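I have placed the structure first, in the form of structure tokens, so that the comments after it can refer back to it.
Each reported figure results from applying straightforward, stated rules to the coordinates on display, with no laboratory input. Treat the numbers as computed from the prediction; the structure is a model and nothing was measured. Positions of Cβ are generated from backbone atoms using ideal geometry, with glycine treated the same way; all protein chains shown enter the neighbour counts.
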Amino acid sequence: MEENILLTIHGWSRPFLDVIFLVSHELGRGPFGLILVVVMVALWWRAGDRSEARLWAVLGLSTYFFQLGLKHLFARPRPALWDPLVHLSSFAMPSGHALAAATLYPLLARSVARRWPSVGRLAYGVAVLVAFYIGFGRLYLGVHWPSDVLVGWAIGAAQTVAMIRWSDKRGSLAEAQKQ
């Protein structure tokens, strides 16, 4: 079934879509995510919100280590159904791009919403769309099975929701103790 899904998506391939999904590849790569995490940690630290800076640091590190560890645990080969536009040598499960997108872009939306509450819903909507775009790009490019992407999204979303709830709960307890 997964092979049929990938072959159907590949049937849609066009040069302009190749470019669009090569951009999605770049938006989910490690260097881009690292820069985003470092910038956000620095901005929150400078703003005096150590808790938010730590949240970014923890999620940045966990995103990297979860995908790396799970790839070696599952050791699932990447699809080899056609010559992909990008060549990768790591294992497939989970998609690190999908995991990072489901972690970092909603976290970025949270940061935007905290700074500009009036655009919070829009920021979260854009974050979900970007995460979908990056994950779907993995399928279009032929470098992941659909289940790799679904697992990446699930892990990314779960760790982000869990860490935000934990961070918010810690912040609420600290505020209550101050009073």
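Scanning the range 13-39 for residues that are in contact (Cβ under 8 Å) with a residue 12 or more places away in the chain and either on the phi > 0 side of the Ramachandran plot or outside any helix (DSSP H, G or I) (or both) returns SER13, GLY28, ARG29.
Residues in the range 37-50 that are in contact with a helix residue (DSSP H, G or I) (Cβ under 6 Å, 6 or more places away or on another chain) and closer than 17 Å to VAL112 by Cβ: VAL37, MET40, VAL41, TRP44.
So which residues in the range 1-12 are exposed (fewer than 15 other Cβ atoms within 10 Å of the Cβ) and either assigned to a helix (DSSP H, G or I) or in contact with a helix residue (DSSP H, G or I) (Cβ under 8 Å, 6 or more places away or on another chain) (or both), if there are any at all? The answer is GLU2, GLU3, ASN4, ILE5, LEU7, THR8, GLY11, TRP12.
The sole residue among ALA75, ALA101, ALA109 that is among the hydrophobic types (A, V, I, L, M, F, W, C) and under 22 Å from ASP49 (Cα atoms) is ALA109. State which residue is surrounded by the most Cβ atoms within 10 Å (Cβ to Cβ) when the search covers only the range 100-154 and only residues that are more than 27 Å from ARG14 (Cβ to Cβ) and β-branched (Val, Ile, Thr). Of everything passing the filter in the range 100-154, THR103 is surrounded by the most Cβ atoms within 10 Å (Cβ to Cβ). Against the list (1) hydrophobic (A, V, I, L, M, F, W, C); (2) more than 24 Å from ILE164 (Cα to Cα); (3) surrounded by 14 or more Cβ atoms within 10 Å (Cβ to Cβ), the condition ALA80 fails is (3).
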